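What follows is a short report on a single structure.
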Amino acid sequence: MTTLLLTHPACLAHDTGEHHPERPDRLRAVLAALEDDAFADLAWAEAPQATIEQLTRVHPAEIVEAILGVRPPPDELVMIDADTVMSAGSAEAALRAAGAAVAAVDAVCGGQVDTAFAAVRPPGHHAAPTVPGGFCLFNNVVIGARHAQATYGIGRLAIVDFDVHHGNGTQAVAEIDPSLFFGSSHQYPFYPGTGSPRERGIDGNVVNMPLAAGSGSAAFRTAWADRILPALDAFAPELIIVSAGFDGHRRDPLAQLRLETEDYAWVSRELLAVADRHTGGRLVSSLEGGYDLEALADAAAAHVRALMRT
Ligand SMILES: [Zn+2]
């Protein structure tokens, strides 16, 4: 079993300004954790830039052009929405973050590796086709999903999301496309306001499991074991892509879900068990949130260890 890590230094050059939680040190913390001897078997590769063709499978050309056209001078920042910032390095970072998901799909669907993790920023799951926001510019996992469908003939593709925030951008695509499944647990009510269990897509291809603030490990595991994983199993995906956000951790300053590092290892192993039944063990994962550096590093490392089956 082999696992590929995709990342790129350009993702560190996406400058969000002082005091912004989605900051370059997040990625540095994840990469430092994965440089440990325990990850000696992890293969590393540089993330390519996504192409315009790959981006426009998800986002209209005018949105792609508008985002890539934001190139402020060094040390100046441009606000995309109340909490989404672009700097001189952001456009390339966004291209690398989306390109990492594409390359992860290529490596997994091409048979070079079994699993792949994209350690990138900016994150993507709040980016709807026509509306960037919530720290996200392009929807990395959906761009990876559309690449898998267009290039490898994948029919049924599942995106699952354990970030503490609801992946509203991903759901906006999945809820009108029965070839996709979207399963999410998230703190609720909470940003971005979507993710009610009444949002069920087409014939239940969207499964939302809202969790109250303070829920903790047991409620999280029950939501996945009783609802999301059985629905995912029933969907019988040909590929699973994970929006891997670690901001549900009890140390996270932005949310109050109170998960433990071991919960991320558990849900990752459970997703791999579904992958073993339906996708030949193929699974792609991309970093979303996680804002306490120590918790993020620990939980991401636990997730990647699970992908490596060690
Ligand atoms: Zn989040």
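Looking only at the range 291-308, residues that are under 22 Å from His19 (Cβ atoms) and either within 15 Å of the chain's Cα centre (by Cα) or open to solvent by 10 Å² or more (accessible area, probe 1.4 Å) (or both) come to 6 in all.
Among the conditions (1) crowded, with 19+ Cβ neighbours inside 10 Å; (2) away from the ligand (no atom under 16 Å from the Cβ), the only one that Leu211 does not satisfy is (2).
Filtering the range 146-175 to residues that are of a type outside the set (S, T, N, Q), open to solvent by less than 10 Å² (accessible area, probe 1.4 Å) and within 16 Å of the ligand (Cβ to nearest atom) leaves Ile159, Val160, Asp161, Phe162, Asp163, Val164, His166, Gly167, Gly169. Count of the range 259-292 residues, restricted to those that are in contact with an Asp or Glu (Cβ under 6 Å, 6 or more places away or on another chain) and assigned to a helix (DSSP H, G or I), is 2.
Just the residues that are in contact with a helix residue (DSSP H, G or I) (Cβ under 9 Å, 6 or more places away or on another chain), in a helix (DSSP H, G or I) and aliphatic (A, V, I, L, M), please, taken from the range 229-255.
Residues of the range 229-255 that are in contact with a helix residue (DSSP H, G or I) (Cβ under 9 Å, 6 or more places away or on another chain), as a first pass: 229, 232-233, 235-244, 246-252.
Retained after the next criterion (residues that are in a helix (DSSP H, G or I)): 229, 232-233, 235.
Leu229, Leu232 - these are the residues of the range 229-255 that are in contact with a helix residue (DSSP H, G or I) (Cβ under 9 Å, 6 or more places away or on another chain), in a helix (DSSP H, G or I) and aliphatic (A, V, I, L, M).
Looking across the range 228-248, the residues that are touching a residue at least 24 places away in the same chain (Cβ under 8 Å) and open to solvent by 10 Å² or more (accessible area, probe 1.4 Å) come down to Leu229, Ala231, Asp233, Phe235, Ala236, Glu238.
Being closer than 26 Å to Ala223 by Cα, among the small types (Gly, Ala, Ser) and open to solvent by less than 10 Å² (accessible area, probe 1.4 Å) holds for only one residue in Ser184, Ser87, Ser179, and it is Ser184.
Restricting the range 123-145 to residues that are within 13 Å of the ligand (Cβ to nearest atom) and under 16 Å from Val85 (Cβ atoms), the residue that is most open to solvent (accessible area, probe 1.4 Å) is Phe135.
Can you name the residue in the range 257-290 that is within 16 Å of the ligand (Cβ to nearest atom) and over 14 Å from the mean Cα position of the chain (by Cα) and, of all such residues, is surrounded by the most Cβ atoms within 10 Å (Cβ to Cβ)?
Leu259
The values are calculated or read from the model by the stated rules, or taken from the named source; none is laboratory data. Remember, predicted model here, so these are calculated numbers, not experimental data. All Cβ positions, glycine included, derive from the backbone under ideal geometry; neighbour counts span all protein chains shown. For the accessible areas, the whole protein counts, side chains as well, though only heavy atoms, and no ligand, DNA or RNA atoms are used. Shrake-Rupley method; radii C 1.70, N 1.55, O 1.52, S 1.80 Å.
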